[in-house]
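Engineer: One structure, pasted below without further comment.
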């Protein structure tokens, strides 16, 4: 019997198809455990694998993780370099496993500002998994919701449309997530109660779930509780029933 029997017993429509997670608290976790910040980021990166597999087992189809924001460049050069190293490590280590599990990997954000070798690795993994459909894992890297909207508007204007031609659907088609459904559930670890410039357009009608645990301590059981909490909510999308 699956360890997620409570979730799997739910009607399929009660299980979120797309979960987005703000991976917060790696540095504070390391400090409280008397470790270097890099150890916190390593523990957090390893936990992405654990939670990804748990999402698969629960029947979730899309997982998007906020791994590096446009504001994170203000951190020390050593910390930024290590975070980029962890992303490379993950992509190299998990490429074949993603193919075996028929998982499509995407990276959203301003990829053009990343170093050329990382851009090349991202393109390789995205191309290698582009036709896989069983699960979808998206990393938000050098991502900011405001930056995404600015880039989307620029893309629209470059096409020279009439003002009346610009609709919500046109804007959506120029977002980094144009081929992804909007998240059903946003989870944020670390105790903060904000979305920190993450998926500003896409989270308009998502359900939010906040908890005090730092990301490295976030477990499969915590994920299950978040999904069960989501299942008990009534989503109205601005309307009434």
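The values are calculated or read from the model by the stated rules, or taken from the named source; none is laboratory data. Only a predicted model underlies this, so the values are computations on that prediction, with no experimental measurement involved. Neighbour counts run over all protein chains shown; Cβ positions are idealised from the backbone, glycine included.
Engineer: Within the bounds of region 121-129, is there any residue that is out of contact with any strand residue (DSSP E or B) (no Cβ under 6 Å at 6 or more places or on another chain), modelled with pLDDT of 95 or more and under 28 Å from residue 213 (Cα atoms)?
Structural biologist: Within region 121-129, not a single residue is out of contact with any strand residue (DSSP E or B) (no Cβ under 6 Å at 6 or more places or on another chain), modelled with pLDDT of 95 or more and under 28 Å from residue 213 (Cα atoms).
Engineer: Being at pLDDT below 95, part of a loop (DSSP other than H, G, I, E, B) and either in contact with a strand residue (DSSP E or B) (Cβ under 8 Å, 6 or more places away or on another chain) or closer than 19 Å to residue 67 by Cα (or both) narrows it down to one of 240, 235, 194, so name that one.
Structural biologist: Only one candidate qualifies: 235.
Engineer: Still on this model: Could you tell me how many of the residues in region 81-111 are in contact with a strand residue (DSSP E or B) (Cβ under 9 Å, 6 or more places away or on another chain) and free of Cβ contacts under 8 Å to residues at least 24 places away in the same chain?
Structural biologist: Adding up the residues that qualify gives 1.
Engineer: Tell me which residues, restricted to region 158-183, are in contact with a strand residue (DSSP E or B) (Cβ under 9 Å, 6 or more places away or on another chain) and in contact (Cβ under 8 Å) with a residue 24 or more places away in the chain.
Structural biologist: 175, 176, 177, 180, 181, 182, 183
Engineer: Please work out if residue 186 is surrounded by fewer than 21 Cβ atoms within 10 Å (Cβ to Cβ), out of contact with any helix residue (DSSP H, G or I) (no Cβ under 7 Å at 6 or more places or on another chain), modelled with pLDDT of 95 or more and within 27 Å of residue 104 (Cβ to Cβ).
Structural biologist: No, not satisfied.
Engineer: Could you name every one of the helices (runs of 4 or more DSSP H) located completely within region 3-79 that has at least 3 residues being more than 23 Å from residue 195 (Cα to Cα)?
Structural biologist: 5-8, 37-58
Engineer: Then there is this: Of the residues 169, 224, 148, which is at pLDDT 95 or above, part of a helix (DSSP H, G or I) and exposed (fewer than 12 other Cβ atoms within 10 Å of the Cβ)?
Structural biologist: None of the other options fit; the residue is 169.
Engineer: May I pose another question? Please tell me if residue 64 is surrounded by fewer than 20 Cβ atoms within 10 Å (Cβ to Cβ), at pLDDT 95 or above, under 18 Å from the mean Cα position of the chain (by Cα) and at negative phi.
Structural biologist: Criteria not met by residue 64.
Engineer: Test residue 161 against the stated conditions and say whether it is over 14 Å from the mean Cα position of the chain (by Cα) and at pLDDT below 95.
Structural biologist: yes
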